[in-house]
Amino acid sequence: MPAFEPHDYLDLAGDLAGRSNDAAFRSAVSRAYYAALLASEAVAKKRFGISCKAGDHEGFWIELRSKLRLVGDIGYSLRQLRNHADYHLNFVPNEGWSECAKGSVGRAKELFGWLASADDAARLADRQRRDKERAVKNYYERQNPVRPTLGRPKPKE
């Protein structure tokens with residue numbers, strides 16, 4: 001069975017945001033958040049060794065902000081909305097749950113775009129670093145060629 005794809009949560013969030021009741025809208029906010037969290041954690045773990053410890057989503061987003069500012073900011077704001085959607089039954093956003101759900105899906109899509117850009121930029125930086133190292137190595141090898149020795153003369157006593 002293939003691994004779960006965070007984007008599937010985002011697709012589900014989009015479907016839920018298109019419905020017409022608060023339960024679906026709140027669920028859309030929650031699914032959009034978890035799509036963002038899972039995708040961000042995968043990139044953060046691979047690139048920076050950062051992972052989300054159980055129960056410390058806030059700490060994860062704060063730490064990720066130091067590496068990928070926009071991703072961390074979007075994720076942190078989605079987390080706040082998700083907390084309201086899941087835990088504060090009397091809370092209603094100023095724009096209403098329908099618009100909040102659509103906005104959360106849009107922000108999560110934006111986050112996915114930034115993650116892809118960051119991953120592309122990291123791969124490019126890695127390739128540029130390797131190319132530079134190779135060029136430096138080639139330069140020094142040309143400047144200081146290794147000459148085979150056929151034996152050393154014995155020192156005179």
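Whole-Hz Karplus values for the range 94-104 come out as 3, 8, x, 5, 4, 5, 4, 5, 5, x, 5 Hz, taken residue by residue from phi with 6.51 cos²θ - 1.76 cosθ + 1.60 and θ = phi - 60°; glycine and proline positions read x.
The sum of -39500 (n - 2.57) across all DSSP H runs of n ≥ 4, divided by the residue count of the chain, sets its helix-only mean residue ellipticity at 222 nm to -25500 deg cm²/dmol. Among 105, 43, 29, the largest mean-square fluctuation in a Gaussian network model of the chain, built with springs joining Cα atoms closer than 10 Å, belongs to 43.
When 111, 16 are sorted by how many other C-beta atoms sit within 10 angstrom of their C-beta, beginning with the fewest, the order is 16, 111. Checking every one of the trypsin sites (Lys or Arg not before Pro) in the range 32-89 against DSSP loop status and a limit of 15 other Cβ atoms within 10 Å picks out 53, 67. Comparing 83, 138, 94 in a Gaussian network model of the chain, where Cα atoms under 10 Å apart are tied by springs, the biggest mean-square fluctuation is seen for 138. Over the chain, the Kirkwood radius and the radius of gyration, each from Cα atoms, give a ratio Rg/Rh of 1.36. FRET efficiency for the pair residue 136 and residue 7, taken as 1/(1 + (r/R0)^6) with r the Cβ-Cβ distance and R0 = 35 Å, rounds to 0.30. Across 128, 143, 80, mean-square fluctuation computed from a Gaussian network of the chain (C-alpha pairs under 10 Å connected) peaks at 143.
The angle between the Cα long axis of helix 6-17 and the longest principal axis of the Cα atoms of the chain comes to about 20 degrees, rounded to the nearest 10. Mind checking the angle between helix 69-87 and the chain's longest principal axis? C-alpha axes, 0 to 90 degrees, to the nearest 10. Once rounded, the angle reads 30 degrees.
When a footprinting reagent is the concern and you count Cβ atoms within 10 Å, what order do 86, 73 take, fewest first? Before the final figure, lay out each step's value.
On the way: 86 13, 73 16.
Listing 86, 73 from fewest to most nearby Cβ atoms yields 86, 73.
Every number in this text was worked out from the coordinates using simple rules, so none of it is lab data. Because the structure is predicted, anything quoted here is derived from the model rather than measured. We place every Cβ from the backbone using ideal geometry, glycine too, and count neighbours over all the protein chains shown.
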